[in-house]
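Just below is one structure, and these are the notes that go with it.
The values are calculated or read from the model by the stated rules, or taken from the named source; none is laboratory data. All values derive from a computational prediction rather than experimental measurement. Note: ideal-geometry Cβ built from the backbone for every residue, glycine included; neighbour counts use all protein chains shown. These area figures cover heavy atoms from the full protein model, side chains too; ligands, DNA and RNA do not enter into them. Shrake-Rupley method; radii C 1.70, N 1.55, O 1.52, S 1.80 Å.
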Amino acid sequence: MYEIRFHGRGGQGAVMAAQALAEAAVLEGYFAQAFPYFGAERRGAPVRAFARIDKEKIRVKSQVYEPDILVVLDESLLEIDPVGEGLKPSGKAVINTTKMPEEIDLGVEVECGTVDATGIALESIKAPIVNTAILGALARVFDVISLESILNAIMNRFGEKLGHQSGVMNAEAARIAYLRTKIGRCSARRQLAKTKVWLPAWYEIPPGNALPQHAIEGVLIGPGSMVQNYTGTWRTQTPHYTKDKCIRCLRCWFSCPEGCIERMEDDYERWDYRYCKGCGICAQVCPVNAIEMIRGVHEWQ
Amino acid sequence: MQEKEIRTIKDLSREEFLTKGHGACPGCGVAVAVKNIARVLGKNTIIYVPASCLIVFTALYPSSAFKWPFLYTAFENTGAVISGIKAALERRGKQGVTVVGMAGDGGTFDIGLQALSGAAERNDDVLYVCLDNEAYMNTGIQRSGATPFGAWTTTSPVGKKIQGKREFKKDLDAIVAAHGVPYMATLSIAHPNDFVRKVQKAKITNGFRFLHVLCPCVPGWRSEASKTVAIARLAVETGMWTLYEIDHGVEKLTYKPRELVPVKEYLQLQGRFRHMGEDDIEKLQNWICEKWRNQFYEEVPVPPCKLEKVKKELILDEDPLHGP
Ligand SMILES: Cc1ncc(C[n+]2csc(CCOP(=O)(O)OP(=O)(O)O)c2C)c(N)n1
Ligand code: SF4
Ligand code: SF4
Ligand code: SF4
């Protein structure tokens, strides 16, 4: 059995990619399954999707913890998620990046294909939706499923949902990616940190589920505990504040959905970039253009 | 200690009661609304949230983004549960606690309407907030009674025969008002001072209070994250959303656009209306113009309302059996 794990961000199409891969496998006569991990997160948040492919009927229903193939749709995830966790040393990886495989550090040394899926998607479908391009690269690395079947699956899935023309363009993205994928080996310099969660056993759950503000083994629980969730890793652009221009109207502070703009005693602002999702509302509402959105993840002050 | 009255955003607390780190989409209008309501309500508050985006992005056991005690039971119960929390507090002699329920439009307009009506009719001392993002967003954008005419959702799709939702938005505020509640108001996140003043009023009024906030939703409205507040403002300027309050029976419009902006400008910023043809846009525009007349008792200057000035006839008996 082959187990595949996709890492992407909400909105990038990781779930569709897993489904198209499963469909391609079925076209080749395999049994297959595909499903997403349902978290609470919304658009922009790190998400996972899974696929399994086998000659026999698949009875396992759990998430994929030790993938044979790892697919990373967004390079920035390497810095925030232990994406390489559980990847078998005999496994393979496909990464959306402009870098060479040798420059990628997954924490596990495996055969690795890299491709600039974002660039290809912008070229062929005119939108940074990278799931189909990455499938083309996957066909190069994971030789069990042919490019032919991947293209057919894309035509079926995307054509049915978004129309024939869209199917053609998405298949084209996959074809180009297949040709441009660079194959090599990635490195294993980084330490894979285990993500910590506290899940109570039945006898640890308080009556009525009412949790007091509390910390267990360094993990916060109860009211206010979401502060341990650094959502700033979601952003792709960053607000830059020019204090000299600010007239202290507080509009940005009021309008930021994250509460990551801090209002100082003198009503000037300060940014807590650990949580800024880069939505750009603050720059939009500022009447004097004291805030400018800059591409990429930055921190100032 | 007497708390300071909140009249403008300058009076808002620097302390946050909806903390950072919640999982809403970048640019979420619900998050903007809830965070600022929380800043007004302050420390002594208990919150109930039914199934909706809000519960999913703020409270997944064992973590929570609210610094308040937080309760959750079922989708249809907001009105009933907040009444129950208040009754329990009263039984225990606890005073000065605001009990607030925050439900989505699905949980308010449709599925929670009976519990809302019950609490309003009993005039229970609670605050009900409807976070109106005009569809069931948490389960992937299905139409609700709050979805506007013409909007695409997964259950009001766009095809050859039907192009988006065919029904107009339910006038929930009129339904709530008909209960004769002590205080109710509509809010916009693009009018901060009006927003906080109304929340403050709702906080200090006794009995049943109802706040209705329009909350643009990035994936559901297919809009740009940075435009959330701009779209909320255009909703008011085009008359799609009216800012008013009813305080102990006294109705007051709290903001009147200088002139009515054509609804097209509002629709253009949102993918959910992209398919709308001229006919449908005109239909929606006429609906707004009619609403404007009823609200402001005046005709709308010619554009955007092309309607001929029909004088409303008083029809005493429309029963076909009794003839014209
Ligand atoms: C009785 C019941 N029916 C259906 C559901 C599934 N459900 C969970 S959240 C949700 C949508 C909520 O929509 P809305 O109230 O508009 O809030 P939003 O997510 O848009 O903020 C649905 C249908 C449920 N939890 N309970
Ligand atoms: S971009 Fe601005 S409004 Fe958006 S999360 Fe960051 S600070 Fe807040
Ligand atoms: S919106 Fe602009 S002017 Fe107003 S407080 Fe923020 S940065 Fe300053
Ligand atoms: S789906 Fe809409 S309402 Fe829900 S978190 Fe995202 S932006 Fe907010």
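So the check is Cβ under 7 Å with 6+ separation or different chains; which pairs have a first residue in the range A:240-262 that's among the β-branched types (Val, Ile, Thr) and a second one that's outside any loop (DSSP other than H, G, I, E, B)?
Note: pairs meeting the criteria are A:Ile261/A:Cys252; A:Ile261/A:Trp253; A:Ile261/A:Glu269; A:Ile261/A:Trp271; A:Ile261/A:Cys282.
Residues being touching a Leu at 6+ places or on another chain (Cβ under 7 Å) and either closer than 27 Å to B:Ser226 by Cα or away from ligand 1 (no atom under 13 Å from the Cβ) (or both): count how many of those fall in the range B:64-80.
Of the residues in that region, 3 qualify.
Could you figure out which of (1) within 15 Å of the chain's Cα centre (by Cα); (2) under 30 Å from A:Cys252 (Cα atoms); (3) more than 14 Å from chain A (Cβ to nearest Cβ) isn't true of B:Val199?
Here B:Val199 clears every test but (3).
For the range B:164-203, enumerate the residues that are small (Gly, Ala, Ser) and touching a strand residue (DSSP E or B) at 6+ places or on another chain (Cβ under 8 Å).
Hits for the range B:164-203 are B:Gly164, B:Ala177, B:Ala185, B:Ser188, B:Ala202.
Residues are listed down the side, and each one gets a yes or a no for (1) in contact with a Cys (Cβ under 7 Å, 6 or more places away or on another chain); (2) within 16 Å of ligand 4 (Cβ to nearest atom); (3) open to solvent by less than 10 Å² (accessible area, probe 1.4 Å); (4) within 14 Å of chain A (Cβ to nearest Cβ):
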residue	(1), (2), (3), (4)
B:Leu60	no, yes, no, yes
B:Ala65	no, yes, yes, yes
B:Pro69	no, no, no, yes
B:Tyr72	no, no, no, yes
B:Asn77	no, no, no, no
B:Val81	no, no, no, yes
B:Ala87	no, no, no, no
B:Arg92	no, no, no, no
B:Gln114	no, no, no, no
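Among the listed residues B:Ala225, B:Ala190, B:Ala230, which satisfies the condition of being open to solvent by less than 20 Å² (accessible area, probe 1.4 Å) and out of contact with any Phe, Trp or Tyr (no Cβ under 8 Å at 6 or more places or on another chain)?
Residue meeting the stated conditions: B:Ala190.
Considering each residue of the range B:39-51, count those that are within 12 Å of another protein chain (Cβ to nearest Cβ) and away from ligand 2 (no atom under 16 Å from the Cβ), and give that number.
Summing the residues that are within 12 Å of another protein chain (Cβ to nearest Cβ) and away from ligand 2 (no atom under 16 Å from the Cβ) in the range B:39-51 gives 5.
What are the residues in the range B:9-50 that are surrounded by fewer than 20 Cβ atoms within 10 Å (Cβ to Cβ) and on the phi > 0 side of the Ramachandran plot, if any?
Within the range B:9-50, just B:Gly42 meets the criteria.
Scanning for something over 29 Å from B:Leu214 (Cα atoms) and among the basic types (Lys, Arg), does the range A:232-252 turn up at least one residue?
There is at least one residue in the range A:232-252 that is over 29 Å from B:Leu214 (Cα atoms) and among the basic types (Lys, Arg).
Within the range A:37-132, considering only strands (runs of 3 or more DSSP E) that don't extend past its boundaries, which have at least 1 residues that are touching a His at 6+ places or on another chain (Cβ under 8 Å)?
A:46-54, A:69-72
I need a count of the residues in the range A:185-244 that are within 16 Å of ligand 2 (Cβ to nearest atom), open to solvent by less than 30 Å² (accessible area, probe 1.4 Å) and in a helix (DSSP H, G or I).
Qualifying residue count for the region: 4.
Considering only residues that are touching a strand residue (DSSP E or B) at 6+ places or on another chain (Cβ under 8 Å) and under 12 Å from B:Glu134 (Cβ atoms), look in the range B:144-163 and name the one that is surrounded by the most Cβ atoms within 10 Å (Cβ to Cβ).
It comes out as B:Thr147.
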